[in-house]
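S.K.: Below is the structure I would like to discuss, written out as structure tokens.
Just so it is clear, none of the values below were taken in a lab; they were calculated from the coordinates. All figures in this text were calculated on a predicted structure; none of them were measured in a lab. With ideal geometry, Cβ positions are generated from the backbone for all residues, glycine too; neighbour counts draw on all protein chains shown.
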């Protein structure tokens with residue numbers, strides 16, 4: 001599939017209802033309104049195609065960029081291209097999808113460490129998103145690696161931009177449910193922080209209470225483990 005045929009297919013699959021929903025989540029007008037389920041089906045049809053992914057991203061169209069993250073080859077990214085794409089981020093939907101792609105590249109940890117301090121809302125969100133993913137999916141990292149991030153979250157979350165606060169809160173939860181060594185420190189940080197106010201726009205989304213979420217998740221794990229024994 002080439003760029004023109006891919007764009008035609010995206011346009012065909014877009015709906016007015018999806019465009020309405022995406023607008024409420026902060027997506028701009030340059031979109032067709034294709035559901036994520038349809039985008040995944042289309043990506044499965046295309047398979048991995050790095051050249052097409054780069055072309056799709058360059059269009060600036062929201063659906064095209066989501067599709068680009070689904071068909072891109074993580075092995076073909078260098079640090080420069082990741083930085084270039086990160087500068088194009090314009091809402092939390094594409095930011096989170098992009099972070100998922102970055103987490104499959106060899107630059108995952110380096111970009112997490114670099115981007116979480118960014119002044120821009122979307123690059124900063126991507127960085128904290130990656131910190132959370134490191135906590136969930138990199139078992140070889142020691143607890144001491146995440147402790148400085150807990151301090152940054154505890155002392156700085158309320159001063160950050162809206163969607164960065166949300167990503168920091170999610171990272172706090174991910175660190176807190178990582179292991180027993182980090183659980184109490186994360187809970188302590190959550191209690192010190194208190195409620196985290198996030199403007200979710202015209203949606204029904206809610207901000208999870210980090211302490212409650214951590215405790216509920218760990219309790220669920222304990223019950224599951226007890227049943228399996």
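S.K.: If you fit an axis through the alpha-carbon atoms of helix 162-176 and take the longest principal axis of the Cα set of the chain, what angle between them do you get, 0 to 90°, nearest 10?
M.R.: The answer is roughly 50 degrees.
S.K.: How far apart, in nm, are the 7 Å Cα→Cβ label points at residue 212 and residue 162?
M.R.: 2.3 nm
S.K.: Using 0.36 nm times the number of residues separating residue 117 and residue 59, minus their current alpha carbon distance, what extension gain do you get?
M.R.: 18.1 nm
S.K.: For residue 200 and residue 51, calculate 0.36 nm times their separation in residues minus their Cα-Cα distance, and state this gained length in nm to one decimal.
M.R.: That works out to 50.2 nm of additional length.
S.K.: Moving on to the next point. To the nearest 10 degrees, how steeply does helix 92-102 sit against the main Cα axis of the chain, on a 0 to 90 scale?
M.R.: Taking the Cα atoms of the chain, the angle to 92-102 is about 80 degrees.
S.K.: In percent, what relative contact order does the stretch 1-72 have, based on Cα pairs under 8 Å that are 6 or more apart in sequence?
M.R.: Relative contact order of the stretch 1-72: 32 percent.
S.K.: From the convex hull of the Cα coordinates of the chain, what is the mean projected area in square nanometres? Don't jump to the answer; show the numbers that get you there.
M.R.: On the way: hull surface 54.5 nm².
Hull-based average projected area comes out at 13.6 nm².
S.K.: How high is the relative contact order of the chain? Use alpha-carbon pairs under 8 Å, at least six apart in sequence, and give a whole percent.
M.R.: Relative contact order comes out at 14 percent.
S.K.: Moving on to the next point. Counting each pair of different Cα atoms once, what's the Kirkwood radius of the stretch 1-109 in Å, rounded to one decimal? Mind dumping the intermediate values first?
M.R.: Values: mean 1/r = 0.0720 Å⁻¹.
Answer for the stretch 1-109: a Kirkwood hydrodynamic radius of 13.9 Å.
S.K.: Rounded to whole Å and sorted largest first, what semi-axes of the equivalent ellipsoid does the C-alpha gyration tensor of the stretch 107-153 yield via the square root of 5 times each eigenvalue?
M.R.: Values: eigenvalues 64, 28, 13 Å².
So the three semi-axes of the stretch 107-153 are 18, 12, 8 Å.
S.K.: Right, next: Quick one: the Cα spread of the stretch 31-90 along its three principal axes, in angstroms, biggest first?
M.R.: 30, 24, 15
S.K.: Measure nothing but the geometry: give the 0 to 90° angle between the long axis through the Cα atoms of 143-156 and the longest principal axis through the Cα atoms of the chain, rounded to 10°.
M.R.: 80 degrees
S.K.: For the stretch 104-229, with equal point scatterers placed on the C-alpha atoms only and solvent neglected, what are the log10 I(q)/I(0) values from the Debye formula at q = 0.14, 0.17 1/Å, to two decimals?
M.R.: So the normalised log intensities are -0.60, -0.86.
S.K.: Can you tell me which of 126-132, 216-222 comes out highest on packing, and rank the rest after it, using the mean Cβ neighbours within 10 Å?
M.R.: 126-132, 216-222
S.K.: Sorted from largest to smallest, which semi-axis lengths in Å does the alpha carbon gyration tensor of the stretch 51-180 give for its equivalent ellipsoid, taking the root of 5 times each eigenvalue?
M.R.: On the way: eigenvalues 131, 53, 25 Å².
Gyration-tensor ellipsoid for the stretch 51-180: 26, 16, 11 Å.
S.K.: Taking the Cα atoms of the stretch 3-67 alone, what are Rg (to one decimal) and Dmax (as a whole number) in Å?
M.R.: Considering the stretch 3-67 through its Cα atoms, Rg and Dmax are 11.1, 31 Å.
S.K.: With the calculation restricted to Cα positions, what are the radius of gyration and Dmax of the stretch 181-229 in angstrom?
M.R.: That works out to 14.2, 45 Å for Rg and Dmax.
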